[in-house]
1. Out of all the residues in region 262-286, which are buried (at least 24 other Cβ atoms within 10 Å of the Cβ) and more than 21 Å from the chain's Cα centre (by Cα)?
2. Within region 153-162, can one find any residue that is at pLDDT 95 or above, surrounded by fewer than 19 Cβ atoms within 10 Å (Cβ to Cβ) and under 30 Å from D401 (Cβ atoms)?
3. Which of the helices (runs of 4 or more DSSP H) contained wholly in region 62-146 include at least 3 residues that are farther than 27 Å from G184 by Cβ and not aliphatic (A, V, I, L, M)?
4. Name the one entry in G317, G273, G255 that is under 21 Å from H358 (Cα atoms) and assigned to a loop (DSSP other than H, G, I, E, B).
5. Can you tell me how many residues in region 320-345 are more than 20 Å from A368 (Cα to Cα) and not in a helix (DSSP H, G or I)?
6. Would you pick out the residues in region 130-150 that are touching a Lys or Arg at 6+ places or on another chain (Cβ under 7 Å) and surrounded by fewer than 17 Cβ atoms within 10 Å (Cβ to Cβ)?
7. Considering only region 313-349, how many residues are touching a helix residue (DSSP H, G or I) at 6+ places or on another chain (Cβ under 7 Å) and under 30 Å from I46 (Cα atoms)?
8. If P98 satisfies all but one of (1) buried (at least 18 other Cβ atoms within 10 Å of the Cβ); (2) closer than 30 Å to G236 by Cα, what's the number of the condition it fails?
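The values are calculated or read from the model by the stated rules, or taken from the named source; none is laboratory data. Since we're looking at a predicted model, the values are computed, not measured. Using ideal geometry, Cβ is built from the backbone for each residue, glycine included, and neighbour counts are taken over all protein chains shown.
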Amino acid sequence: MIHPSSLTRRTLIASAAAAAAGLALPAAALAPATDLAPLPGRPPAITPAERLARVAKAQRLMRAAGIGALLIEPGASMVYFTGVRWGLSERLTAVVIPAEGDAAIVTPFFEAPSVRQTLVIPAEIRTWQEDEDPLKLVAAILRDRGVATKPVAMEERVRFFASDGLARALPDARIVPGAPVVRGCRMVKSPAEIALMQHATDITIAAYAHVVPRVAPGMSPADVTKMMDAANRALGGETMFSLVLMGAASALPHGSREPQVAKAGEVVLMDCGCAVEGYQSDVSRTFVPGGATARQREVFAQVAHGQHIAFEAARIGAPAGTVDDQVRRYYESLGYGPGYAWPGLSHRTGHGIGLDGHEPVNLVHGEATPLAAGMCFSNEPGLYIPGSFGVRIEDCFHMTDAGPKWFSTPPKTIDAPLG
């Protein structure tokens, strides 16, 4: 993802470079997506009943593990269980899900009305004033729920000050990892979640169809990003990220600080995603304005086959890491690597996706978690040749009882990069 603060700088650098080269930036780079409209068929939001079922599942997992409660700070897991959309700050807002009974939310007194605006499940709200310790409030909730002597699980993104503060407020409690509970719920998506992810992907594919034909020599990454973000919004998505890499920068998977301008015969690599009701898409496309070279075509074909190998390797019950292993074995047979070395596939083959763009588990060597129906992954076995170019084709899939199913159709050739 390109850091927003770098976009203005990159636009200025690219504009200067284009002017020096005698190129005029196309007006399309700044044009709004006025010819686009929201895609029809937007799925409904996750219902309160489904969120309550998630809480009930978490409680079953806690009871089975002998855990008394789960503590969650703002982020995707808070949204997942309660609907509450909140940002992290130095003032603690947290959800306590006990192994039995209703959830409780701790938040500053003056924030409670705002927290209630997105809360969609029954939950007690306890507030604290600026001169009070919110972790003592959490400890009181655990005592009232009768679980103060049982292990308290921390969602993996809970900050140290919160876990440490609770340990001080409740010295007899044992703090344990909450990942087995949270992952046990979030890793397997429901049909409603998959429908939202499908719609987000449909929007991103439609945005690519709008943008890719408009990318022309002289454009900067910021110009293309602006077009892509506008298209995602016009089509009904919430823009999450638009990474655009050009020329030699495409060999660096997450970008370069060097100025970039689109040129005929050079690779443009786009990695973009949006969200619908918080559920994300993640799609990468690689193309060459003006036509690709023989070497660019060759690498693209190799990546396309690598993506096919990953898809075929994703079978119910297979350890997630074996998907990465099979792709890497093929690439090494071509002379890439070994392992994660350049030139080659320098990152994992894929990652989990849902409310977070990257979430457990990953398609990476050594990951033993077995694939199960409802799991969702990116499939992006890119090849990167430092100093030259990189190719990434990325499409996401979800596991069904019969095997993997694409959210989007992968392209076959670099001449038809939209699939």
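1. A262, V267, V268
2. yes
3. Result: 112-116.
4. G255
5. Of the residues in region 320-345, 10 are more than 20 Å from A368 (Cα to Cα) and not in a helix (DSSP H, G or I).
6. none
7. 2
8. The failed condition is (2).
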